[in-house]
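Each remark here refers to the structure printed beneath this line.
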2 protein chains.
Amino acid sequence: MLHSIQLTLPDWIPAFVEKYPAHLPDLGERMRFVLALTRKNIESQTGGPFGAAVFERASGKLVSVGVNRVMPEQVSSAHAEVMALSFAQKQLGAYDLGSAPLVEHQLVVNAQMCAMCLGAVCWSGVRDVVYSATSRDVEKITGFDEGPLPENIDSALSSRGISVTGPFLAEEGIQVLQKYVEAGGFIYNARLDRA
Amino acid sequence: MLHSIQLTLPDWIPAFVEKYPAHLPDLGERMRFVLALTRKNIESQTGGPFGAAVFERASGKLVSVGVNRVMPEQVSSAHAEVMALSFAQKQLGAYDLGSAPLVEHQLVVNAQMCAMCLGAVCWSGVRDVVYSATSRDVEKITGFDEGPLPENIDSALSSRGISVTGPFLAEEGIQVLQKYVEAGGFIYNARLDRA
């Protein structure tokens, strides 16, 4: 039996990140960074059509990135949000990204969360979430199951003191999802072969 | 920025597992194994009061174990279920534990899932979940927030073809949670210091 496991980002990530400034003060810039990250994950065939990044909320300093790695890592919880949040936490040595003495952190993601990631965001300590496409867009365009979500996803966050902005630059986010489908991207819902 | 992260089980795990037979055919044996695992995680102060294991459903062969590692690993998604499922998937090289040619897998856990783990179970491919204490027990006894759960947790699973058994040996599961609280175990909800 394994005693530890490793979760790894694609090889192209460092060169991709290097092309951007260390701080992205504008929210539009942050989202376009995440959408470019998602597109690159699709083009490189290094995971599903989802990307996320953790920023320092006020300064826009990039803390971590995450992309969907379910199939390459063979781990079903390796969604972009879980990757970005876990990498930020490991880097800062803090399971609570909202605890003193840390500054407030923000998660920017190309699409509203699935049921698992909604919970993961609640436990992460981020104070702010920004998404582009909605969960309904994801289900409609890609066919990915979003899971047992509460009726109002955003209020599940805001009631826990996490502010939410979205749909933000939704048209661009929707285009990225459509690109994945048009490219013949695999929809990897669990147990499709047993449906 | 980090390029990969590692998630590690406590050092006592191999010796603990070695004391048990490789197969636990009886469901009561499987749950008592998981409750003992959880107790050991509390006593060893190697994480929160949650334990889980993945078994081959029919044979009872132990595939992987997981315990809550949020604080030691500084990763808020390192819940027992996510650990056990991820370790099983890495070991078998399959993000979908329900896909051919694999046999069916079962997740046994000391308590009903939080919102994140409910989603994680949906995506994991396990065909069967068995829990001891309920999410309400967890919230009532420990004060841990269980997150934005649907009204009927079990039907969210069963509607996806995942069968659910629980509360099972609930009294023993409740005792384990009480033990954690009595021992002064830390309740690490995100941003307690900002509440």
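Of all residue pairs spaced 6 or more apart or on separate chains, those with beta-carbon atoms under 7 Å, a first member in the range A:76-96 that is facing chain B (nearest Cβ under 7 Å) and open to solvent by 10 Å² or more (accessible area, probe 1.4 Å) and a second member that is among the aromatic types (Phe, Trp, Tyr) and outside any loop (DSSP other than H, G, I, E, B) are A:SER77/B:TRP123. Against the list (1) under 17 Å from B:GLU56 (Cα atoms); (2) crowded, with 24+ Cβ neighbours inside 10 Å, the condition B:GLU104 fails is (2). In the range B:121-142, the count of residues that are at the interface with chain A (Cβ under 9 Å from one of its Cβ atoms) and small (Gly, Ala, Ser) is one or more.
Just wondering, is there one or more residues in the range A:18-27 that are under 22 Å from A:ASP137 (Cα atoms) and in contact with a Phe, Trp or Tyr (Cβ under 9 Å, 6 or more places away or on another chain)? Yes - at least one qualifying residue is present in the range A:18-27. Apart from one condition, A:GLN6 fits all of (1) open to solvent by 30 Å² or more (accessible area, probe 1.4 Å); (2) over 30 Å from B:ALA22 (Cβ atoms); (3) of a type in the set (S, T, N, Q); the exception is (2).
Among the residues of the range A:151-167, at least one is within 11 Å of chain B (Cβ to nearest Cβ), open to solvent by less than 30 Å² (accessible area, probe 1.4 Å) and not β-branched (Val, Ile, Thr).
Only residues that are open to solvent by 30 Å² or more (accessible area, probe 1.4 Å) and modelled with pLDDT of 95 or more were counted in the range A:171-195, giving 5. The strands (runs of 3 or more DSSP E) falling completely within the range A:92-177 that include 2 or more residues that are hydroxyl-bearing (Ser, Thr, Tyr) map to A:128-133, A:163-165. Go through the range B:108-125 residue by residue and tally those that are closer than 19 Å to B:THR8 by Cα and not β-branched (Val, Ile, Thr). Counting residues in the range B:108-125 that are closer than 19 Å to B:THR8 by Cα and not β-branched (Val, Ile, Thr) gives 2.
Scanning the range A:9-32 for residues that are open to solvent by 40 Å² or more (accessible area, probe 1.4 Å) and either under 28 Å from B:THR8 (Cα atoms) or assigned to a helix (DSSP H, G or I) (or both) yields A:ASP11, A:PRO14, A:ALA15, A:GLU18, A:LEU27, A:GLU29, A:ARG32. Whether any residue in the range A:147-164 is in contact with a helix residue (DSSP H, G or I) (Cβ under 8 Å, 6 or more places away or on another chain) and more than 21 Å from B:ASP145 (Cβ to Cβ) is what I want to check. Scanning the range A:147-164 turns up no residue that is in contact with a helix residue (DSSP H, G or I) (Cβ under 8 Å, 6 or more places away or on another chain) and more than 21 Å from B:ASP145 (Cβ to Cβ). Could you check, for the range A:33-47, whether at least one of its residues is open to solvent by 10 Å² or more (accessible area, probe 1.4 Å), touching a Lys or Arg at 6+ places or on another chain (Cβ under 8 Å), within 14 Å of chain B (Cβ to nearest Cβ) and without any contact (Cβ under 8 Å) to a residue 60 or more places away in the chain? The answer is yes, given that some residue of the range A:33-47 is open to solvent by 10 Å² or more (accessible area, probe 1.4 Å), touching a Lys or Arg at 6+ places or on another chain (Cβ under 8 Å), within 14 Å of chain B (Cβ to nearest Cβ) and without any contact (Cβ under 8 Å) to a residue 60 or more places away in the chain.
Return yes when B:CYS114 is closer than 30 Å to A:GLU104 by Cα, in contact with a Gly (Cβ under 8 Å, 6 or more places away or on another chain) and within 14 Å of chain A (Cβ to nearest Cβ) and no when it is not. Yes: the conditions hold for B:CYS114. Among the criteria (1) within 8 Å of another protein chain (Cβ to nearest Cβ); (2) assigned to a helix (DSSP H, G or I); (3) crowded, with 21+ Cβ neighbours inside 10 Å; (4) not polar (S, T, N, Q), the one B:VAL65 does not fulfil is (2).
The values are calculated or read from the model by the stated rules, or taken from the named source; none is laboratory data. Since we're looking at a predicted model, the values are computed, not measured. Ideal geometry is used to build each Cβ from the backbone, glycine not excepted, and the neighbour counts take in all protein chains shown. Remember, those area values only see protein heavy atoms, side chains included, never the ligands or the DNA or RNA. Shrake-Rupley method; radii C 1.70, N 1.55, O 1.52, S 1.80 Å.
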